[in-house]
Amino acid sequence: MNVASSIAQSGLDAAQRRMGSSAHNIANVETDNFRREEVTQQAVAEGGVKASTRRASVPGEALTKDLMEQKSAGYAFDASLKVIQTEKQMMGKLLDEQV
């Protein structure tokens with residue numbers, strides 16, 4: 001796998017984790033003593049990101065934050081997917097040129 005694809009794949013994985021956690025938080029907004037899931041991302045030296053999930057230290061909802069997280073994760077997912085699609089198109093054109 002190319003470096004760009006590897007970086008984009010880590011972005012897809014992180015966006016999917018963010019989307020899942022925010023959906024989980026929204027679904028449980030009415031649950032008593034519910035502690036939200038929070039996703040953190042860290043840059044990886046080789047490129048890309050590593051995402052991890054943890055529970056919030058105190059119970060409570062943050063519906064606005066979770067709704068915005070849904071939008072943001074969707075945009076991040078789309079951007080990472082576009083990188084992978086563009087790389088595939090470029091590789092196809094490169095192979096066509098060599099034939």
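Here is a check on your reading of the model: is ALA8 within 12 Å of the chain's Cα centre (by Cα) and surrounded by 15 or more Cβ atoms within 10 Å (Cβ to Cβ)?
Criteria met by ALA8.
Sort out which residues of the range 40-99 are assigned to a helix (DSSP H, G or I) and among the small types (Gly, Ala, Ser), and write them in order of number.
SER72, ALA73, GLY74, ALA76, ALA79, SER80, GLY92
Limited to the range 44-77, what total is found for residues that are open to solvent by 90 Å² or more (accessible area, probe 1.4 Å) and of a type in the set (A, V, I, L, M)?
4
Quickly run through the range 78-95 and pick out the residues that are among the β-branched types (Val, Ile, Thr) and surrounded by 15 or more Cβ atoms within 10 Å (Cβ to Cβ).
VAL83, ILE84
Scan the range 67-86 and report the pairs whose first residue is under 18 Å from VAL39 (Cα atoms) and whose second residue is polar (S, T, N, Q), with Cβ atoms within less than 7 Å and a gap of 6+ or a chain change.
Close Cβ pairs satisfying both conditions: GLU69/SER22; GLN70/SER22; ALA73/SER22; PHE77/GLN16.
Taking PHE34, is it among the aromatic types (Phe, Trp, Tyr) and in contact with a strand residue (DSSP E or B) (Cβ under 9 Å, 6 or more places away or on another chain)? Full working, then the answer.
Values: among the aromatic types (Phe, Trp, Tyr): yes; in contact with a strand residue (DSSP E or B) (Cβ under 9 Å, 6 or more places away or on another chain): yes.
When the stated conditions are applied, PHE34 passes them.
The values are calculated or read from the model by the stated rules, or taken from the named source; none is laboratory data. What you are looking at is a predicted structure, and each value in this text was computed from that prediction instead of being measured. Glycine also receives a Cβ, built like all others from the backbone with ideal geometry; neighbour counts cover every protein chain displayed. To get the accessible areas, we keep the full protein, side chains included, count just its heavy atoms, and leave off ligands, DNA and RNA. Shrake-Rupley method; radii C 1.70, N 1.55, O 1.52, S 1.80 Å.
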